[in-house]
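First comes the structure, then the notes that go with it.
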Amino acid sequence: MTSSSLPPGFYPSYDTCHEVSQFCPVQATTLGYFPNQGVNIFVAVGYGLAAVVTIVVGVWKRTWGFSAAVAAGCILECVGYVGRALLATNPWNGAAFKMQIVAIILGPTLVCIGLYLTLKHAVTALNRSLSRLPPRVYPLMFVPADVSCLVVQAIGGGIAAAAGNGDGALLDHGNRTIMAGIVLQVLVLGAFGGLAGDYLVRAGRFFGGPAVGAEHRAGAALWVDRKFRAFRWAMGLAYAALLVRCIYRIAEMAGGWGNEIMQDEPSFVVLESFMVLIASVLLAAFAPGIFFPQMSHSYPREVREDESKTESDSTGVQMERV
């Protein structure tokens, strides 16, 4: 096709271009580059393995809510990076572009739910009187808030995917909607981190004190347990990785689609791909069913009832479990 044979008003977009050519250069795509296929295949496989491990351990140890959320997030991430691997061979593959937009935006939000579910059970198993909120409030507060972030980002991702690269106004609407969802997610993560950090500091002071009552012997034993200590560190690092990713996403989306940050693959790989992958691997490798069995529905019922009765006698409040 020569310049004279181009239709009037031709503009390279995912609707008008089907492969890289003189009139459909890779620079005109939203990403502006050929994604590194090897890196994206590696990341997709990593998410796939994390999903499989999470599902297997989740079924084995019966950590239903945690495992369902984390596995679903990992599966979405895997799908998204398969889409990016396909873009490596054809950056004008509109279906792959839409697939990676929606999946990679939504995946981390589901992974975050796994984190939110751990706080209630940690408070319940350690010492609920140290918490500024009743344990049952944590999932009731953070899970719906996280789902709201998911819905807002899904709407934005859908709008952006529908716009492709040809409708600038629609892309801007999708961008602003996604931005709103990500900012909300950062606020939710910040609030969760503040409450979780506050509780852990208070718990550390309490269990490190000179006198821990008999009613808290189970919590004291759990606090110094090496597996639970590893679990705390893993959850903390996963939280930090997810927070870094969300802050990066705000910077990436702030300049609109196709901005310099969005078209810089190394920053995307480090601050998006690997941050969420690190969080997902940590949640899979340090699964609560193994490292924090009190969160598992397979935890012996008689032990739960004994711990519940002990703390109930000292606080007058029945332990709760979902």
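Please work out whether the range 182-254 counts as rounded, prolate or oblate from its C-alpha gyration tensor, where a ≥ b ≥ c are the square roots of the eigenvalues and a/c under 1.5 means rounded, while otherwise a/b larger than b/c means prolate and anything else oblate?
Judged from the Cα gyration tensor, the range 182-254 comes out prolate (a/c at least 1.5, a/b above b/c).
Starting from the 7 Å offset along Cα-to-Cβ, what nm value, one decimal, do you get for the label separation of ALA214 and ALA254?
5.8 nm
Full extension from VAL201 to ARG226: what is 0.36 nm times the residue separation minus their Cα-Cα distance, to one decimal in nm?
7.2 nm
Tell me, in nm to one decimal, what length is gained between LEU170 and PHE34 on full extension, where the rule is 0.36 nm per residue of separation less the Cα-Cα distance?
Gain on stretching LEU170 to PHE34: 46.5 nm.
Kindly state, to the nearest 0.05, the FRET efficiency for PHE42 paired with ALA240, given R0 = 25 Å and r defined as their beta-carbon distance.
0.65
How large is the translational diffusion coefficient of the range 9-151 in µm² per second when you combine the Kirkwood radius over alpha carbon pairs with Stokes-Einstein at 25 °C and 0.890 mPa s?
It comes out at roughly 142 µm²/s.
If I stretch the segment between GLU19 and VAL151 completely, what's the gain in nm (0.36 nm per residue apart, minus their alpha carbon distance), one decimal?
Stretched fully, the GLU19-VAL151 segment lengthens by 44.3 nm.
Report the convex hull volume per residue for the range 74-146, counting only C-alpha atoms, in Å³.
85 Å³
Which whole-Hz ³J(HN,Hα) couplings does the range 75-91 yield from phi under the Karplus relation 6.51 cos²θ - 1.76 cosθ + 1.60, θ = phi - 60°, glycine and proline marked x?
Coupling constants for the range 75-91: 5, 4, 4, 4, 4, x, 7, 5, x, 5, 5, 5, 5, 5, 8, 8, x Hz.
In terms of the ratio Rg/(2.2 N^0.38 Å) built on C-alpha atoms, what value belongs to the range 9-57?
In units of the globular-protein estimate, the range 9-57 measures up at 1.77.
Check the chain for me: any Cys whose beta-carbon has no other cysteine beta-carbon within less than 4.7 Å?
CYS74, CYS78, CYS112, CYS149, CYS246
When you have a sec, figure out the Kirkwood radius of the range 111-262 from all distinct Cα pair distances and drop it here in Å to one decimal?
17.4 Å
Taken together, the values in this text are just the output of simple stated rules run on the coordinates, not laboratory data. These numbers were taken from a predicted model, which means no experiment stands behind them. Heads up, the Cβs are rebuilt from the backbone with ideal geometry, glycines too, and the neighbour counts pull from every protein chain shown.
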